[in-house]
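First comes the structure, then the notes that go with it.
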Amino acid sequence: MKMTFRWYGENDCIPLNHIKQIQGMDGVVTAVYDVPVGEVWQLDKLLRLKELSNEAGLTMEVIESVPVHEDIKLGKPTRDKYIEAYKQNIINCGKAGVKCICYNFMPVFDWLRTDLYFKHKDGATSLAYCHDTLLKLDPKNLHLPGWDESYSTDELNALLSEYEGMTHEKLFENLVYFLNAIMPACDEADVDMAIHPDDPPWDMFGLPRIICKEEDYDRLFEAVPNKHNGITFCTGSLGAGRFNDMVKMAGKYAKRTYFAHLRQLKYTSDTDFYENGHLTARGNVDIYGIVKALVENGFDGYVRPDHGRNVWGEDAKPGYGLFDRAMGATYLCGLFEAVEKFNK
Ligand code: DNO
């Protein structure tokens, strides 16, 4: 296991040397943020991030994310041009020493939450999700917490109408087309692709979501068996689906898991939850059971603590402060150490 920490590049308010001070930290997970989706990231931008990370004593072997252009998800004729650019990004990432690329295939919206500052009794705050609140939102005029608002309202409207009639089957076919097209670049660069599950793992605003549960992964690996086609096992995303047996899934897909996002959720109803500190006892996700299942089944990938709470007065990007993620990382290092030693 290699422990990593998400770092939002040179604009992140958390400096690399603070990240390095978290004991057990091997590297950062980052991205090029100033190139529009669908364009090629210049190699020198990647090399600059790598150099900064290495100077701080950290590796840069995981990219989260290289975003997938909507035309690829929509299966439009223009997709081939964007796929070519994506392949070049994979090659450039490989040249910069990247081993794993995290991406998602969610139409239009990435992760969704309804509250960025859910208040805990002890004064901490965290992200939360309430399904009824979400249903009342108008997707055509959406300003959701935590969502990168890169579209204008007009662009969003246009994009949503392009998705009218999109089915799960069609979206899945478009994912398979994309993966088959990029696998040669992954083979050449020896880079693993790690698809992030849909968060939360169910359809949103009538848009299909296809990476939500066990059958979805079975279907994905059957369609594209290449070993570079792998997953980001995100306990917070999959865990919101009460139907997912995550300990079982962690074991079953351990060897296809190139990246693990480990985080805790506390259920407040059949659909709602808030995020909590990483400890198994603090929520409904069996972090211990998942780590054990991963280790015992041959997981050898990257791990990062996922969303933390804001604690000790820190006012950081919600979910991505230093303090609680640092505590999460050391907790996870302890769990891995214990489970790995026990299994030797
Ligand atoms: C949220 C993140 C996601 C993730 C993307 C991967 O905190 O886990 O935004 O980076 O879905 O493409």
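The values are calculated or read from the model by the stated rules, or taken from the named source; none is laboratory data. Note that the coordinates shown come from a computational prediction; the quantities given were computed from them, not determined experimentally. Neighbour counts run over all protein chains shown; Cβ positions are idealised from the backbone, glycine included. Quick note on the areas: whole protein, heavy atoms, side chains included, nothing else; ligands and nucleic acids left out. Shrake-Rupley method; radii C 1.70, N 1.55, O 1.52, S 1.80 Å.
The mean sequence separation of alpha-carbon pairs under 8 Å and at least six residues apart, normalised by the residue count of the chain, gives a relative contact order of 17 percent. Of the DSSP H helices in the chain, those with a Cα length along their own long axis of 20 Å or more and a mean Kyte-Doolittle hydropathy reaching -0.5 comprise 168-189, 323-342. Rolling a 1.4 angstrom probe over the protein heavy atoms with all chains in place gives region 2-342 an accessible area of 41 Å² per residue. If you take every DSSP beta bridge whose two residues both sit in region 2-342, what share of them, in percent to the nearest 5, is antiparallel? So the antiparallel bridges amount to about 30 percent of the total.
Each residue, GLU164 and VAL176, gets one label point 7 Å from its Cα in the Cβ direction; the gap between the two is 2.8 nm.
Per-atom-type breakdown for the chain gives carbon and sulfur 51% of the accessible area (1.4 Å probe, protein chains only).
Extension gain, ASN17 to LYS140: 0.36 nm times the residue separation minus the Cα-Cα distance gives 40.1 nm. Extending 7 Å from the Cα toward the beta-carbon at both LYS95 and ASN284 defines two label points whose distance is 4.7 nm. Excluding the sites themselves, what is the longest stretch of the chain that contains no GluC sites (Glu not before Pro) in a DSSP loop with at most 16 other C-beta atoms within 10 Å? The longest uninterrupted stretch comes out as 165-313.
The convex hull of the Cα atoms of the chain, projected and averaged over all directions, covers 16.2 nm².
Its residue count N fixes a reference of 2.2 N^0.38 Å for region 181-317, and the Cα radius of gyration divided by that reference is 1.09. In units of the rule-of-thumb radius 2.2 N^0.38 Å, region 85-141 shows an alpha carbon radius of gyration of 1.78. Within the listed set ILE287, ILE210, ILE22, the residue fluctuating most in the Gaussian network model of the chain (springs between alpha-carbon atoms under 10 angstrom) is ILE22.
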